[in-house]
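*Asks:* Here you go, one structure.
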Amino acid sequence: MTSVVEVENLRKNYNEKVAINGMSFEVKKGEILGLLGPNGAGKSTMINILATVLSPTSGNVKMFGRDLKKGAKHVKQGIGIVPQDLAIFEEISAEKNVRFFAGLYNLKGNVLDKRVEEALKLVRLYERKDDKPKTFSGGMKRRLNIACGIAHRPELVIMDEPSVGIDPQSRNHILESIKTLKNNGATIIYSTHYMEEAEAISDRIMIMNEGQIIAQGTKEDLHQKVKNQTAYAFQLTQSERVNVGLIYQIEGVKSVQMTEDTFEITVDQSNDHVGDIIAALTKEGCQIINMASKKASLETVFLELTGRSLRD
């Protein structure tokens with residue numbers, strides 16, 4: 001399969017700080033690469049280099065077979081950028097927003113009209129095309145942000161946290177639109193803080209930490225890293241009383257995560273002291289409303305590899 005992006009031994013320094021430290025990877029044509037990493041991992045720096053906004057300190061980047069150092073102008077025509085910070089105009093209509101950004105790629109006339117309509121329909125905003133973004137919800141603005149970045153039908157779409165801080169309905173619309181882009185032949189790099197999103201849409205996942213790739217592969221590849229671990233989900237009363245440090249002291253405990261009103265505790269299957277965990281929770285004054293076991297999640301993979309929660 002042809003590679004749309006080829007990165008070899010890439011480095012980016014900011015004075016004494018190393019933001020990207022010798023990264024090498026490929027993105028194949030037609031795939032969705034989920035890019036994960038805690039804050040400060042170097043994701044935004046990497047995205048800005050691929051978007052031709054930043055120049056690397058050293059290393060090589062090829063996009064569409066062209067060396068980025070020599071052919072950046074031609075490469076830009078094939079890239080669509082969806083930045084984390086909204087890049088839309090609040091005081092003009094949604095249609096005029098998309099028309100403006102698509103026009104930057106020399107689209108005109110009927111072709112421009114068709115692409116604008118296509119992009120707005122993709123993100124389910126066509127019925128609101130005459131409305132100004134200042135009247136939109138946060139999720140609708142995010143969807144318009146996507147339409148502005150993909151109206152020129154780019155071969156490669158780079159998305160930086162496109163669903164941050166939005167409602168579940170808009171998040172679902174965004175994920176569906178990304179799947180449609182893939183089905184239409186686009187290659188997508190999708191940076192997110194939400195593991196469930198990466199699992200839902202990515203063909204491969206790449207985990208970054210401190211400017212380096214610490215793991216990459218399919219969901220199945222990454223799950224192999226915790227294949228001998230079990231996660232127990234405890235729904236508790238008085239969950240604020242739980243001393244996480246004490247739970248970690250129990251033999252076999254690998255990670256402890258809090259999601260809403262549930263504690264998820266991952267243990268080695270060969271050293272499963274769930275009875276000790278229950279006793280510790282009870283001693284803390286918590287009542288266990290429900291307990292369920294499942295295979296360890298990719299969140300656990302991330303926590304083990306980085307020592308940090310994905311949203312830290």
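Just so you know, all these numbers are worked out from the coordinates, no wet-lab data involved. The model shown is predicted, which means the values in this text are computed figures rather than measured ones. Positions of Cβ are generated from backbone atoms using ideal geometry, with glycine treated the same way; all protein chains shown enter the neighbour counts.
*Asks:* Give the percent of DSSP beta bridges with both residues in the stretch 118-266 that are antiparallel, rounded to the nearest 5.
*Replies:* Expressed as a percentage, antiparallel bridges in the stretch 118-266 total about 75.
*Asks:* Measuring from a point 7 Å past the Cα of Asn290 along Cα-to-C-beta, which residues in the stretch 178-199 have an amide N at less than 20 Å?
*Replies:* From the stretch 178-199, the list is 196.
*Asks:* Name the aspartates and glutamates eligible as straight-distance cross-link partners of Lys43: C-alpha to C-alpha under 13 Å, and not fewer than 8 places from it in the same chain.
*Replies:* Partners found: Asp160, Glu161, Glu210.
*Asks:* Let me ask something additional. Which residue fluctuates most in the GNM of the chain (Cα springs below 10 Å): Leu107, Leu246, Leu120?
*Replies:* Highest fluctuation of the listed residues: Leu246.
*Asks:* Also, quick follow-up: Return the FRET efficiency for the residue pair Asn106, Asp67: r is the Cβ-Cβ distance, R0 is 35 Å, and the value is rounded to the nearest 0.05.
*Replies:* My answer for the efficiency is 0.90.
*Asks:* List, in the order given, every pair from Lys28/Lys69; Lys62/Lys182; Lys69/Lys225; Lys17/Lys62; Lys69/Lys132 whose Cα-Cα distance in the structure shown is over 31 Å.
*Replies:* Where the Cα-Cα span goes over 31 Å, the pairs concerned are Lys69/Lys225; Lys69/Lys132.
*Asks:* Given 0.36 nm per residue, what is the gain on full extension from Asn243 to Asp85 after removing their alpha carbon distance, in nm? The partial results should precede the final answer.
*Replies:* Numbers: separation 158, 0.36 × 158 = 56.88 nm, distance 3.71 nm.
Taking 0.36 nm per residue and subtracting the Cα distance, the gain is 53.2 nm.
*Asks:* Separate question: Express in nm, to one decimal, how much length is gained between Thr282 and Ser24 on full extension, taking 0.36 nm for each residue of separation and deducting their alpha carbon distance.
*Replies:* 88.1 nm
*Asks:* Just to be sure I understand: of the beta bridges DSSP finds with both ends in the chain, what percent are antiparallel, rounded to 5?
*Replies:* Details: 41 of 58 bridges.
Of those bridges, close to 70 percent are antiparallel.
*Asks:* Can I ask one more? Under 10 Å, Cα contacts only: if you run a Gaussian network model on the chain, which one of Gly40, Gly78, Gly109 comes out with the highest mean-square fluctuation?
*Replies:* Among Gly40, Gly78, Gly109, the largest mean-square fluctuation in the Gaussian network model of the chain belongs to Gly109.
*Asks:* For an R0 of 25 angstrom, estimate the FRET efficiency from the Cβ-Cβ distance between Glu176 and Gln77 and round to the nearest 0.05.
*Replies:* 0.40
*Asks:* Find how much the distance from Asn9 to Lys114 grows on full extension, using 0.36 nm per residue of separation minus their present alpha carbon separation; answer in nm with one decimal.
*Replies:* 33.7 nm
*Asks:* Please check which bits of the stretch 93-110 a label hung off Lys132 would reach, taking the label as a point 7 Å along Cα-to-C-beta and the cut-off as backbone N under 15 Å.
*Replies:* Residues 93-97 qualify, since their backbone N sits under 15 Å from the label point.
*Asks:* Hey, another quick one. Just from its helices, what would the mean residue ellipticity at 222 nm be for the chain, if runs of 4 or more DSSP H residues each count -39500 (n - 2.57) and the sum is divided by every residue, rounded to the nearest 500 deg cm²/dmol?
*Replies:* -10000 deg cm²/dmol
*Asks:* Please find, in a Gaussian network model of the chain (springs between Cα atoms separated by less than 10 Å), the residue of Ile20, Ile289, Ile79 whose mean-square fluctuation is greatest.
*Replies:* Among Ile20, Ile289, Ile79, the largest GNM mean-square fluctuation belongs to Ile289.
*Asks:* I've got another one for you. When the Cα centres of the stretch 1-68 and the stretch 151-182 are compared, how far apart do they sit, in Å?
*Replies:* What the calculation gives is 20 Å, centre to centre.
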